[in-house]
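To keep things clear, I will list the structure first and then write my remarks on it.
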Amino acid sequence: MEEKKIYYHKEKGCLIAPKTGWKRMKEAFCIRLMSAASHLLLPPKEHPCNGDEQLPGKIGSYSKGLPHNSLGEVVSQAYGQYMKALKSGNPHDFESIPMGGKVKLSNPQASYVYDLIGPDCHQLNLSKPPAFSSAWEAGEMAELYWQALTRDIPFRAYENDALIAEAAGELSRFSDFRGPKVN
């Protein structure tokens, strides 16, 4: 068998392409710049609220890890500090949030990241979540509980499993369950 020899050009490398080195880097930069600039032509997206922030005691708002009173409601001073930190984005404000126990906030500034590929994440459509006291939210919560109860049942057994049938029957009776309801 004849051995093939590969020849390398010291000054050009072994990459074979119409554009290499600085020429390719410059063109890649221009393409990325134009792509990024095109995102400025779109109007900012609105992110609608579902009204949960107005509920008394912030009962429908995220408050995990913050101190709570004996009724399970978040301590308003701690929640106020949390909101201040979210609005400012200042790391010192996040460090000043009173915590309830040993639980810490896990990466609370993640939403401030900027994407380097595609549109900015704040420019993507996000549906308004169901309000805490809505029939839609009740269906969502029931579905999550059923998912927890049935998580060990393999999909191939769904058709004949009694627990899956019970889950499907209950979820289908919710007035505003938006999951699949075929049969």
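Within segment 154-180, can you find the residues that are closer than 28 Å to P130 by Cα and either of a type in the set (G, A, S) or touching a strand residue (DSSP E or B) at 6+ places or on another chain (Cβ under 7 Å) (or both)?
Hits for segment 154-180 are A165, A167, A168, G169, S172, S175, G179.
Which condition does K26 not pass, out of (1) open to solvent by less than 100 Å² (accessible area, probe 1.4 Å); (2) at pLDDT 95 or above, if it passes all the others?
Answer for K26: the failing condition is (1).
Go through (1) open to solvent by 60 Å² or more (accessible area, probe 1.4 Å); (2) over 30 Å from L55 (Cβ atoms); (3) at pLDDT below 95 and name the single condition S133 misses.
The one condition S133 does not meet is (2).
Any residue in segment 109-130 that's in contact (Cβ under 8 Å) with a residue 12 or more places away in the chain: show its pairings with residues that are hydrophobic (A, V, I, L, M, F, W, C) and surrounded by 10 or more Cβ atoms within 10 Å (Cβ to Cβ) at Cβ separation under 6 Å, as long as the two are six or more apart or on different chains.
Filtered contacts from segment 109-130: P130/W136.
Output the number of the condition that L105 fails; it satisfies all remaining conditions of (1) in contact with a helix residue (DSSP H, G or I) (Cβ under 9 Å, 6 or more places away or on another chain); (2) touching a residue at least 24 places away in the same chain (Cβ under 8 Å); (3) farther than 29 Å from A78 by Cβ.
Condition (3) is where L105 drops out.
For segment 120-141, what are the residues that are farther than 17 Å from Y62 by Cβ and aromatic (F, W, Y)?
W136
In segment 95-109, which residues are among the aliphatic types (A, V, I, L, M) and open to solvent by 50 Å² or more (accessible area, probe 1.4 Å)?
Within segment 95-109, M99, V103 meet the criteria.
Can you pull out every residue in segment 61-94 that is open to solvent by less than 80 Å² (accessible area, probe 1.4 Å) and of a type in the set (A, V, I, L, M)?
Scanning segment 61-94 gives L66, V74, V75, A78, M83, A85, L86.
Out of curiosity, is H122 assigned to a helix (DSSP H, G or I) and more than 17 Å from the chain's Cα centre (by Cα)?
For H122, the condition - assigned to a helix (DSSP H, G or I) and more than 17 Å from the chain's Cα centre (by Cα) - is not met.
What about R156, is it assigned to a helix (DSSP H, G or I), exposed (fewer than 12 other Cβ atoms within 10 Å of the Cβ) and among the basic types (K, R)? First the steps, then the outcome.
Working: assigned to a helix (DSSP H, G or I): yes; exposed (fewer than 12 other Cβ atoms within 10 Å of the Cβ): yes; among the basic types (K, R): yes.
Yes, satisfied.
Could you list all residues from segment 72-114 that are assigned to a helix (DSSP H, G or I), hydroxyl-bearing (S, T, Y) and at pLDDT below 90?
S111, Y112
The values are calculated or read from the model by the stated rules, or taken from the named source; none is laboratory data. These numbers come from a predicted model, not from an experiment. Here Cβ is always computed from backbone atoms with ideal geometry, including for glycine, and neighbour counts include all displayed protein chains. Side chains are part of the model used for accessible areas, which takes the heavy atoms of the whole protein and leaves out ligands, DNA and RNA. Shrake-Rupley method; radii C 1.70, N 1.55, O 1.52, S 1.80 Å.
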